[in-house]
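Peer 1: Take a look at this one; I'll ask things after.
The values are calculated or read from the model by the stated rules, or taken from the named source; none is laboratory data. Everything numeric here is computed off the predicted structure, so don't read it as measured data. Reconstructed Cβ throughout: ideal geometry from the backbone, glycine too, with neighbour counts over all protein chains shown.
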(Lines give C-alpha, C1' and ligand atoms only; values in the text may rest on other atoms or scores of the structure.)
Protein backbone atom coordinates (compact mmCIF):
# COMPACT_ATOMS: atom_id res chain seq x y z
CA UNK A 1 0.00 0.00 0.00
CA UNK A 2 2.95 2.29 0.54
CA UNK A 3 4.32 1.86 -3.00
CA UNK A 4 1.47 1.01 -5.38
CA UNK A 5 3.63 1.36 -8.50
CA UNK A 6 6.16 -1.20 -7.29
CA UNK A 7 3.34 -3.49 -6.19
CA UNK A 8 1.72 -3.30 -9.63
CA UNK A 9 5.02 -4.15 -11.33
CA UNK A 10 5.58 -7.07 -8.96
CA UNK A 11 2.07 -8.38 -9.59
CA UNK A 12 2.61 -8.05 -13.35
CA UNK A 13 5.75 -10.17 -13.14
CA UNK A 14 3.99 -12.65 -10.86
CA UNK A 15 1.10 -13.10 -13.29
CA UNK A 16 3.41 -13.52 -16.28
CA UNK A 17 5.34 -16.24 -14.47
CA UNK A 18 2.09 -17.84 -13.28
CA UNK A 19 0.71 -17.98 -16.82
CA UNK A 20 3.93 -19.52 -18.15
CA UNK A 21 4.24 -22.13 -15.39
CA UNK A 22 0.53 -22.96 -15.45
CA UNK A 23 0.60 -23.42 -19.21
CA UNK A 24 3.62 -25.70 -19.13
CA UNK A 25 2.24 -27.90 -16.37
CA UNK A 26 -1.22 -28.07 -17.92
CA UNK A 27 0.28 -29.18 -21.24
CA UNK A 28 2.32 -31.84 -19.43
CA UNK A 29 -0.81 -33.00 -17.57
CA UNK A 30 -2.84 -33.18 -20.78
CA UNK A 31 -0.18 -35.10 -22.69
CA UNK A 32 0.21 -37.50 -19.78
CA UNK A 33 -3.55 -38.16 -19.78
CA UNK A 34 -4.02 -38.62 -23.53
CA UNK A 35 -5.98 -41.79 -23.02
CA UNK A 36 -8.67 -40.07 -20.94
CA UNK A 37 -11.74 -38.24 -22.10
CA UNK A 38 -11.47 -34.44 -22.28
CA UNK A 39 -7.67 -34.22 -22.38
CA UNK A 40 -7.85 -31.94 -25.43
CA UNK A 41 -9.52 -29.20 -23.40
CA UNK A 42 -6.72 -29.29 -20.85
CA UNK A 43 -4.19 -29.14 -23.69
CA UNK A 44 -5.99 -26.18 -25.27
CA UNK A 45 -6.08 -24.34 -21.95
CA UNK A 46 -2.40 -24.99 -21.35
CA UNK A 47 -1.45 -23.75 -24.80
CA UNK A 48 -3.55 -20.59 -24.31
CA UNK A 49 -1.92 -19.91 -20.94
CA UNK A 50 1.55 -20.42 -22.39
CA UNK A 51 0.88 -18.18 -25.40
CA UNK A 52 -0.60 -15.48 -23.15
CA UNK A 53 2.48 -15.57 -20.91
CA UNK A 54 4.79 -15.25 -23.91
CA UNK A 55 2.77 -12.36 -25.36
CA UNK A 56 2.82 -10.54 -22.03
CA UNK A 57 6.60 -10.97 -21.81
CA UNK A 58 7.13 -9.54 -25.30
CA UNK A 59 4.96 -6.41 -25.18
CA UNK A 60 6.25 -3.25 -23.41
CA UNK A 61 5.89 -3.23 -19.59
CA UNK A 62 3.45 -0.32 -19.51
CA UNK A 63 1.15 -2.09 -21.95
CA UNK A 64 1.54 -5.36 -20.04
CA UNK A 65 0.35 -3.73 -16.84
CA UNK A 66 -2.65 -2.12 -18.53
CA UNK A 67 -3.59 -5.34 -20.29
CA UNK A 68 -3.27 -7.38 -17.11
CA UNK A 69 -5.52 -5.14 -15.10
CA UNK A 70 -8.49 -5.99 -17.31
CA UNK A 71 -7.47 -9.21 -18.98
CA UNK A 72 -6.56 -11.15 -15.86
CA UNK A 73 -9.99 -10.52 -14.40
CA UNK A 74 -11.79 -11.71 -17.51
CA UNK A 75 -9.40 -14.61 -18.07
CA UNK A 76 -9.75 -15.88 -14.51
CA UNK A 77 -13.53 -15.63 -14.79
CA UNK A 78 -13.53 -17.67 -18.01
CA UNK A 79 -11.09 -20.25 -16.61
CA UNK A 80 -13.18 -20.60 -13.44
CA UNK A 81 -16.32 -21.35 -15.44
CA UNK A 82 -14.28 -23.75 -17.58
CA UNK A 83 -12.98 -25.54 -14.46
CA UNK A 84 -16.50 -25.87 -13.04
CA UNK A 85 -17.64 -27.43 -16.33
CA UNK A 86 -14.67 -29.81 -16.31
CA UNK A 87 -15.44 -30.83 -12.72
CA UNK A 88 -19.05 -31.41 -13.73
CA UNK A 89 -17.92 -33.69 -16.56
CA UNK A 90 -15.74 -35.63 -14.14
CA UNK A 91 -18.60 -36.04 -11.67
CA UNK A 92 -20.83 -37.44 -14.43
CA UNK A 93 -18.30 -40.19 -15.18
CA UNK A 94 -18.08 -40.97 -11.44
CA UNK A 95 -14.46 -39.84 -11.05
CA UNK A 96 -13.61 -39.62 -7.35
CA UNK A 97 -11.33 -36.61 -7.89
CA UNK A 98 -13.89 -34.33 -9.52
CA UNK A 99 -14.05 -31.96 -6.56
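Peer 1: Specify which of the listed residues (53, 40) is part of a helix (DSSP H, G or I) and out of contact with any helix residue (DSSP H, G or I) (no Cβ under 6 Å at 6 or more places or on another chain).
Peer 2: So the residue among 53, 40 that is part of a helix (DSSP H, G or I) and out of contact with any helix residue (DSSP H, G or I) (no Cβ under 6 Å at 6 or more places or on another chain) is 40.
Peer 1: Related question: If I go through the stretch 1-33 residue by residue, how many of them are part of a loop (DSSP other than H, G, I, E, B) and touching a helix residue (DSSP H, G or I) at 6+ places or on another chain (Cβ under 9 Å)?
Peer 2: Adding up the residues that qualify gives 2.
Peer 1: Let me ask you something else. Working carefully through the options 44, 87, find the one that is farther than 13 Å from residue 15 by Cα and either under 11 Å from the mean Cα position of the chain (by Cα) or touching a residue at least 40 places away in the same chain (Cβ under 8 Å) (or both).
Peer 2: 44
Listed here are the residues, each with its yes/no results for (1) under 30 Å from residue 93 (Cα atoms); (2) at pLDDT 90 or above; (3) loosely packed, with under 14 Cβ neighbours inside 10 Å; (4) out of contact with any strand residue (DSSP E or B) (no Cβ under 7 Å at 6 or more places or on another chain).
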{"residue": "6", "(1), (2), (3), (4)": "no, no, yes, yes"}
{"residue": "9", "(1), (2), (3), (4)": "no, no, no, yes"}
{"residue": "37", "(1), (2), (3), (4)": "yes, no, yes, yes"}
{"residue": "44", "(1), (2), (3), (4)": "yes, yes, no, yes"}
{"residue": "47", "(1), (2), (3), (4)": "yes, yes, no, yes"}
{"residue": "51", "(1), (2), (3), (4)": "no, yes, yes, yes"}
{"residue": "56", "(1), (2), (3), (4)": "no, no, no, yes"}
{"residue": "61", "(1), (2), (3), (4)": "no, no, yes, yes"}
